[in-house]
Each structure stands twice: as structure tokens, then as C-alpha cells.
Amino acid sequence: IVGGSFTPIESHPWVAAIFTQSSFLCGGSLIAPSWVLTAAHCFSYGDENQTEHLSVYLGKTAINDTDFDKEQSFIVEKLIVHQGYSDFTFNNDIALLKIRSKAGGCAEKSAFTRTVCLPPAHTQLPSGFQCSIAGFGKERYGAWTYSQLLKQAEVNLLSHTQCKSDLYYGDRITRNMFCAATPDWDADACKGDSGGPLVCEVSGRMFLFGVVSWGEDCAKRNKPGVYTQVTNYNTWIADKTGLSRYTEG
Ligand code: 4AZ
């Protein structure tokens, strides 16, 4: 995250940290006790062996410190990449991880870990609506390392029309994407925040509306962050996880 502020995991307890062979890979969001929603582009296409190298942590505020009193760790039982994901356009940049602890259990609710709600299908928020993003991604585009501590920032939703203008991203924005930025272009998701949450508060509850997907540079004028539109995937999520569509909200 560029700009924004450091934040404890208690403020974003659905944030998952995904590692591959002990290096940090991507963010994610806990949507059910054994399911993490993340971005498809975090994974290499067709590598059947990659799940055995993946691990997922919940309850983590510092990426390289272990706090056994707060964090929970998991192996990945199943990786489901959206069948329509394109590595060229980043359309359908969404994936699911089925997680399980070494003892066979799922995530346990605590002050540091809980699930985030999925919004009802096709819910639309108005442009300008303020939402928040969180992650361990780089604090500047050219930084050598990821943020050691979890960060968050407030960003405003942009209209599809604006984001599809030539000045922004033109036709690279599909209907499965939306954009968010700050009025001064001073806060944004960045490398390493991919797969992590964009959440918006509606009627006093936090809902997962976006998955950090891509963008040109970070916090760059006229180049907003691009997010996967989670509300287009309620049926896909329900089908793949077997979770009822009626548990949403
Ligand atoms: C990345 O490379 C990335 N500014 C993620 C988000 C953004 C840019 C790059 C948005 O993972």
C-alpha cells in the first residue's frame, strides 16, 4: 500500500497472507472458515504442484514475525483459478483457496481472525463511495521489499465511464473490473497487495467488493488501482465452494 497508514490485523481480521516456499506471494480474504478469496494472477497457470508449496496465514500483522498467540497457519488443500481468467487481459482475476490446518481444522474466529461478508449479487455502490484496502504490498512502486507491517488506505470508487476513458485505461477495463483511487492520487494498492481486499461499509457492516488486481504503477496520476468486481462472481463462488448463495450478507 502506498500512502495510508499502518494498521493492526484486528482492524482487517479477514486479511490472509499467502506464501510460497516461505516467501510472501499475495494477499487474500477469508470468506468462510475454510475458504480464502484471492487473485488468479498470483498463481502460475497449469502448475499442478504449486499447492504443496503454498501456505496461508491469518491473524498476521507483521509479515516476517511469528506471533503464535495471534496467527493461524494453513496448508492449501485446493486451488481453484477462474476458468475464464486471462493472463493477457487480467479479466476474471479471481481464485479460491481451500485451506486446512495441519491438524485438519479450519479457521477459528478470534479478535485477529474473522470472515468478511460477500455483498448480494450485482449490488452497485455509487462512484465516489469510500472503501478501504489493506495489504503487505510495497510502499512505493520501486521499493525493493514489501511492507513489513500491514497497511490500509481509504480509496474512492470511480465510475466505469471515467476509468474507461482514454486518459485512464480505455478498453482494458472489462465489466468484471472497477477502479478506485484518491482525489490526490496519494494512496493506492501496489505490488504484493494483489489478491487482497477492497471492503466497503454498508449499513454498519463490511463487505468485500473488490480483489486487488492490477494498475499501471502505484499512486500515479490518472492510473487508478483496478479491482476484480466480486459481485459478478456470487454464483461462481457458491458453485465452487458449495457455500449457499443465501448465506451472503
Ligand atoms: C501488482 O503488480 C500491482 N496500483 C498491484 C496493484 C497495482 C499495481 C500493481 C495498483 O501486483
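Checked against the criterion of being surrounded by 19 or more Cβ atoms within 10 Å (Cβ to Cβ), of a type in the set (Phe, Trp, Tyr) and in contact with a Gly (Cβ under 6 Å, 6 or more places away or on another chain), the candidates 74, 90, 112, 178 yield just one match: 112.
Going by what's in this entry, would residue 161 be described as hydroxyl-bearing (Ser, Thr, Tyr) and assigned to a loop (DSSP other than H, G, I, E, B)? For residue 161, the condition - hydroxyl-bearing (Ser, Thr, Tyr) and assigned to a loop (DSSP other than H, G, I, E, B) - is not met.
Among the residues of segment 31-56, those identified as touching a residue at least 60 places away in the same chain (Cβ under 8 Å), buried (at least 17 other Cβ atoms within 10 Å of the Cβ) and in a loop (DSSP other than H, G, I, E, B) are 34, 39. If we scan segment 230-248, do we find a residue that is among the basic types (Lys, Arg) and within 15 Å of the ligand (Cβ to nearest atom)? Scanning segment 230-248, I find no residue that is among the basic types (Lys, Arg) and within 15 Å of the ligand (Cβ to nearest atom), so the answer is no.
Please pick out the residue among 28, 59, 84, 3 that is surrounded by 16 or more Cβ atoms within 10 Å (Cβ to Cβ), more than 16 Å from the chain's Cα centre (by Cα) and not aliphatic (A, V, I, L, M). Being surrounded by 16 or more Cβ atoms within 10 Å (Cβ to Cβ), more than 16 Å from the chain's Cα centre (by Cα) and not aliphatic (A, V, I, L, M) holds for just one of 28, 59, 84, 3, which is 3.
When the residues of segment 186-206 are filtered to those that are among the hydrophobic types (A, V, I, L, M, F, W, C), crowded, with 22+ Cβ neighbours inside 10 Å and not in a loop (DSSP other than H, G, I, E, B), the one that is nearest to the ligand (Cβ to nearest atom) is 198. Here residue 171 fulfils each of the conditions (1) in a helix (DSSP H, G or I); (2) in contact with a helix residue (DSSP H, G or I) (Cβ under 9 Å, 6 or more places away or on another chain); (3) not β-branched (Val, Ile, Thr) apart from (2).
A short reminder: the numbers here are calculations on the coordinates, not readings from a lab. This one's a predicted model, so the numbers in the text were calculated from it and none came from an experiment. Note: ideal-geometry Cβ built from the backbone for every residue, glycine included; neighbour counts use all protein chains shown.
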